[in-house]
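Peer 1: Dropping the structure in here first, questions after.
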Amino acid sequence: MVSDEHGRYVVLISGPMEQHEPTISVEIAGLPVEVAQAVHAELDELRSRLNVYRGQVLDVSLMPGGGVALTFGDLPATTRDDVVLPEHVLQRVERHALAVAGHRDALLKAGQHLKRGLLLFGPPGTGKTHTMRYLVGRMDGYTRLILSGRALHAIGSASELARDLEPAVIVLEDVDLVAGDRSFGFGATPVLFELLNAMDGAAADADLLFVLTTNRADLLEPALAARPGRVDVAVEIDLPDADARRRLLALYGRGVQLQLTEHDLDEIVARTDGVTASFLKELLRRAVLAALEQGDAYTAVTSNHTTAALDDLLHTNQQLTRSLLGVGNNPEDLPAGGGIGSPPPQRGRARAWFSGAGSAGP
Ligand SMILES: Nc1ncnc2c1ncn2[C@@H]1O[C@H](COP(=O)(O)OP(=O)(O)OP(=O)(O)O)[C@@H](O)[C@H]1O
Ligand SMILES: [Mg+2]
């Protein structure tokens, strides 16, 4: 029972009932209709503004009954230095995600939309998820919803929530995995179409960022091209080039006593053309192990250790290991056997994806 400037009236709040949709209903009695509607509107505004999920990182998951659950997510702290990508690639990603947020009011005044879609695509293990975590970590003040796997089916509810709690980011991880999936619900539309509808449904002036990651851009391209404008920037995250491999070695070697000369580093870089970041991470781990196994107290990792680790990882009988680290097993793709001086492996695979899209505008 309420008594305030509107008068004396009754608000009935009923919580979710077992076996029913998890909803709360609010009914108001004892006020003229327009006044009751104004109270409803005020409650609605407060619900959105004071929402406990506003500005948080949230993992979205599906519950067995079909409901959607939100858990407060815990992103590993990722700094810009932790993300090893060619500078122009990282800048393009940042510009699309962060710069728009910085110029929000000016863009709206100029009649430009804020809603935007960013697709990160490229081979497995190259840092799409890693880059997404860095971006999302930087977007304080945004409500950040992360969906992966089966939870992508919750895209409808998630985008409704995001619209309510904007500015917001909706991350859709590995969209290709469920893109054509119709197995959910009766006559459900493929998730990809639901997704495109959700991106379309949001008002253009809503500050919403959709981040999609995939390693099968070829599967998504037809659907995205058929309904243009949802994803405005596609950025290719490719296998690390020589410069990036050197930076990755420095990154993963940060906590390690490395006694490697420039020449040793050159050698590792030359022998690892075509590998993923995960491979280099494993290489250093093995080199540390090799140093530890020498018996004496471990002091430093030298080129003996890195060479032994690399020989082992590149050995022909380590195909499955390499594959698990994201390195292709096509003999032409492999640095295997290729010591220093062997011709650089052909990596047609990495380049054939979504040709040209990596250079799409800002
Ligand atoms: N460019 C990079 N810079 C720094 N670390 C990286 C990079 N790429 C990958 N890594 C490291 O390798 C791990 C695996 O990469 P990540 O999960 O981001 O790959 P992915 O591109 O999302 O692969 P997938 O297509 O299989 O999802 C990361 O957690 C990170 O430690
Ligand atoms: Mg990933």
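Peer 1: Quick one: in segment 252-280, of everything that is out of contact with any strand residue (DSSP E or B) (no Cβ under 9 Å at 6 or more places or on another chain), surrounded by fewer than 17 Cβ atoms within 10 Å (Cβ to Cβ) and not hydroxyl-bearing (S, T, Y), which residue is farthest from H130 (Cα to Cα)?
Peer 2: Only one residue tops the list, namely H263.
Peer 1: Still on this structure, I have one more. Test D200 against the stated conditions and say whether it is part of a helix (DSSP H, G or I), at pLDDT below 85 and surrounded by fewer than 17 Cβ atoms within 10 Å (Cβ to Cβ).
Peer 2: yes
Peer 1: Within segment 134-156, how many residues turn out to be touching a residue at least 40 places away in the same chain (Cβ under 8 Å) and part of a helix (DSSP H, G or I)?
Peer 2: 12
Peer 1: Select, from G338, G274, the only residue that is touching a helix residue (DSSP H, G or I) at 6+ places or on another chain (Cβ under 9 Å) and at pLDDT 75 or above.
Peer 2: Unique residue meeting the criteria: G274.
Peer 1: So K128 fits all but one of (1) within 16 Å of ligand 1 (Cβ to nearest atom); (2) among the charged types (D, E, K, R); (3) in contact with a Pro (Cβ under 8 Å, 6 or more places away or on another chain); what number is the exception?
Peer 2: So K128 meets the others, but not (3).
Peer 1: Might you let me know whether segment 207-215 holds any residue that is more than 16 Å from ligand 2 (Cβ to nearest atom) and over 29 Å from G141 (Cα atoms)?
Peer 2: No; the residues of segment 207-215 include none that is more than 16 Å from ligand 2 (Cβ to nearest atom) and over 29 Å from G141 (Cα atoms).
Peer 1: Just to be sure, is L70 more than 16 Å from ligand 2 (Cβ to nearest atom) and surrounded by 14 or more Cβ atoms within 10 Å (Cβ to Cβ)?
Peer 2: So L70 passes the test.
Peer 1: Of (1) in contact (Cβ under 8 Å) with a residue 40 or more places away in the chain; (2) under 30 Å from G255 (Cα atoms), Q91 satisfies all except one. Which?
Peer 2: Result: Q91 passes all but (1).
Peer 1: Another question, then. Would a scan of segment 115-124 turn up a residue that is under 19 Å from A162 (Cα atoms), of a type outside the set (V, I, T), out of contact with any Asp or Glu (no Cβ under 7 Å at 6 or more places or on another chain) and within 16 Å of ligand 2 (Cβ to nearest atom)?
Peer 2: Within segment 115-124 (the criterion being under 19 Å from A162 (Cα atoms), of a type outside the set (V, I, T), out of contact with any Asp or Glu (no Cβ under 7 Å at 6 or more places or on another chain) and within 16 Å of ligand 2 (Cβ to nearest atom)), the answer is yes, since at least one residue qualifies.
Rundown of residues vs (1) within 12 Å of ligand 1 (Cβ to nearest atom); (2) within 14 Å of the chain's Cα centre (by Cα); (3) within 26 Å of N197 (Cβ to Cβ), yes/no style:
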| position | (1), (2), (3) |
| --- | --- |
| T71 | no, no, yes |
| L120 | yes, yes, yes |
| G137 | no, yes, no |
| Y142 | no, no, yes |
| L145 | no, yes, yes |
| L152 | no, yes, yes |
| G156 | no, no, yes |
| A162 | no, no, yes |
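Peer 1: Please specify each residue of segment 142-169 satisfying the condition of being surrounded by 20 or more Cβ atoms within 10 Å (Cβ to Cβ) and of a type in the set (S, T, Y).
Peer 2: Y142, T143, S159
Peer 1: Follow-up question, since we're still on this one. Name the one entry in Q112, Q91 that is assigned to a loop (DSSP other than H, G, I, E, B), more than 15 Å from the chain's Cα centre (by Cα) and of a type in the set (S, T, N, Q).
Peer 2: Q112
Peer 1: Could you go through segment 227-240 and let me know if any residue there is more than 24 Å from M139 (Cβ to Cβ), more than 16 Å from ligand 2 (Cβ to nearest atom) and either modelled with pLDDT under 90 or outside the structural domain of L325 (by TED's automatic domain parsing) (or both).
Peer 2: Yes; the residues of segment 227-240 include at least one that is more than 24 Å from M139 (Cβ to Cβ), more than 16 Å from ligand 2 (Cβ to nearest atom) and either modelled with pLDDT under 90 or outside the structural domain of L325 (by TED's automatic domain parsing) (or both).
Peer 1: What are the residues in segment 73-117 that are surrounded by fewer than 11 Cβ atoms within 10 Å (Cβ to Cβ) and away from ligand 1 (no atom under 16 Å from the Cβ), if any?
Peer 2: G102, D105, A106, K109, A110, G111 - these are the residues of segment 73-117 that are surrounded by fewer than 11 Cβ atoms within 10 Å (Cβ to Cβ) and away from ligand 1 (no atom under 16 Å from the Cβ).
The values are calculated or read from the model by the stated rules, or taken from the named source; none is laboratory data. In this text the structure is predicted, and so the values were computed from the model without any measurement. Note: ideal-geometry Cβ built from the backbone for every residue, glycine included; neighbour counts use all protein chains shown.
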